[in-house]
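J.: Provided herewith is a single structure, encoded as structure tokens, for subsequent inquiry.
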Amino acid sequence: MSPIIRRLAVMTSGGDAPGMNPCIRAVVRTAIARNLEVWGVEDGYEGLINGNFIRLGARDVSGILQKGGTILRSARSEQMMQPSGQIEAVRQLNSQGIDAAVIIGGDGSLRGAKVLAERGMAVMGIPASIDNDIYGTDMCIGVDTALNTIVEAIDKIRDTASSHSRAFLVETMGRNSGYLALMAGINSGAEMVLIPEVPTTVDEIINTVKLDYQKGKQHCIIVVAEGFEPDTNELARIINEKDVGFRAWVTILGHLQRGGTPSAFDRWLATRFGVRAVEFLLDGQRGMMTALNGNRVVTVPLQEVVSQRKETPTRFYEIAEILAR
Ligand code: F6P
């Protein structure tokens, strides 16, 4: 029998992702409906180590469903990577009388959650990262909104590209994952997608741009994942130096991909994860992460999540190439 949970903590950590707020709301209100006392931890693991706890009632999460970012704020924490920080995090949770914690975030946040679980805390992780690079779940909170933002931006950039017969290199986020670039490329009809998972030589890139120009294309949109090498500016410099017909411009979308009102899909995913996270904890599950498997919300052990690399579906790369020609 797992010990009874009376006091639950909820926190967001790492890069913010659209949908974190609906997730907090779902955790808080589900927990209250199950007669738990809920505490928010502000500023991610940094706040946890410093003891930044606030009591959360049902009304404290009113009006946040449609808001980007996170009302609990977030941080990237160096301290949580050190044993001294981890010990202090557990001490803070214990001294606050917390019996269980829901941790919403990406790769680093889930590594922190795994450490807390190993140190005896009842923990449930929830995957939230626009990168969609978390092993064990089909989708993370925030991916759908970020993709919609990128596709909308590329649709606009294409207007200028076609009007002026230009090439545009559009850089997307994703750290080492090409997921966002690939899916954005397919869904915006880009001429080329460059991702770290699929090595592409500079000569191949130059040839594609040249052929597209010779075919009479009005524009050439190249979506470049931030992890691709050579980097976006260097690629534009090379294309312009080779004089292949189109001249190249660069747009780095940057942090505008992380903000904004969450899409309906992200609100629903966040809500499902939040509700189920509380239910799974009350059912006695520990050291797990909520995950989307097809259309079902399941749990995956945090140990598995952090020790495996999520593959980007490179078979979609073929689709992107076929449809671009
Ligand atoms: O993990 C989300 C993400 O936006 C990545 O795509 C990107 O590489 C990184 O965070 C940027 O982090 P920061 O906002 O801390 O510069």
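Quick note: the coordinates plus some simple rules give every number you see, no bench work behind them. Model, not experiment: these values are computed from the prediction. So basically every Cβ, Gly included, is an ideal-geometry build from the backbone, and we count neighbours across all protein chains shown.
J.: Once fully extended, how much extra length lies between ARG315 and ASN50, figured as 0.36 nm per residue of separation less the alpha-carbon to alpha-carbon distance? Don't jump to the answer; show the numbers that get you there.
T.: Numbers: separation 265, 0.36 × 265 = 95.40 nm, distance 4.55 nm.
Full extension from ARG315 to ASN50 adds 90.9 nm.
J.: To the nearest 10 degrees, how steep is helix 143-164 against the longest Cα principal axis of the chain, on a 0 to 90 scale?
T.: Compared with the principal axis, the helix lies near 20 degrees.
J.: Here is a follow-up. Using a Förster distance of 22 Å, how high is the FRET efficiency between ASP203 and LYS156, based on the Cβ-Cβ distance and rounded to 0.05?
T.: Details: r = 30 Å, r/R0 = 1.38.
Efficiency computed from Cβ-Cβ geometry: 0.10.
J.: Just tell me the longest site-free run in the chain, where the sites are GluC sites (Glu not before Pro) in a DSSP loop having at most 16 other beta-carbon atoms within 10 Å.
T.: So the longest stretch without any such site is 79-310.
J.: Next up: Relative to the present Cα-Cα distance, how much length would full extension add between HIS255 and ILE64 at 0.36 nm per residue of separation?
T.: Answer, rounded to one decimal: 66.7 nm.
J.: Can you list residues whose amide H is under 5 Å from CYS220's amide H, if they're 5+ apart or on another chain and H is modeled 1.01 Å from N?
T.: ARG166, ALA167, PHE168
J.: Roughly how big is the stretch 145-258's charge dipole about its Cα centre, with Cβ charges of +1 (Lys, Arg) and -1 (Asp, Glu), in debye to the nearest 20?
T.: Numbers: 11 positive and 15 negative charges, 65 e Å.
It works out to roughly 320 debye.
J.: Once phi is turned into ³J(HN,Hα) by the Karplus curve 6.51 cos²θ - 1.76 cosθ + 1.60 with θ = phi - 60°, what whole-Hz value does each residue of the stretch 180-192 show in order, with x for glycine and proline?
T.: My calculation for the stretch 180-192 gives 4, 4, 5, 5, 5, x, 4, 7, 10, x, 5, 6, 8 Hz in order.
J.: May I ask you to compute the full-extension gain from GLU241 to TRP268, defined as 0.36 nm times their residue separation minus their alpha-carbon distance, rounded to one decimal in nm?
T.: 5.0 nm
J.: Calculate, in whole percent, how much of the Cα-Cα pair population of the chain lies beyond 29 Å.
T.: 41
J.: Further question: R0 = 56 Å: FRET efficiency of ASN176 with ILE4, Cβ-based, nearest 0.05?
T.: Calculated transfer efficiency: 0.85.
J.: Set Lys and Arg Cβ to +1 and Asp and Glu Cβ to -1, take the dipole of the chain about its Cα centre, and tell me which of GLY15, MET173, LEU65 lies farthest positive.
T.: Looking along the dipole axis, the top candidate is LEU65.
J.: Per DSSP helix of 4 or more residues, -39500 (n - 2.57); summed, then divided by the residues of the chain. What does that give at 222 nm, rounded to the nearest 500?
T.: Per the formula, -13000 deg cm²/dmol.
J.: While we're here: Please report, largest first and rounded to whole Å, the three semi-axes of the ellipsoid equivalent to the stretch 145-258, where each semi-axis is the square root of five times an eigenvalue of the C-alpha gyration tensor.
T.: Semi-axes, largest first: 21, 16, 11 Å.
J.: Can you list residues from other chains, or at least 5 along the same chain, whose modelled amide H is less than 5 Å from the amide H of VAL10?
T.: Sorted by chain and number, the residues that satisfy this are TRP39, GLY40, VAL41, VAL102.
J.: Sum up the lysine pairs in the chain that clear both bars: alpha-carbon distance under 29 Å and a spacing of 8 or more or different chains.
T.: 11
J.: For a bin width of 5 Å, list the pair-distance distribution of the stretch 1-46 built from all Cα-Cα distances, rounded to whole %.
T.: Reading the bins upward from 0: 5, 20, 26, 22, 16, 9, 2, 0.
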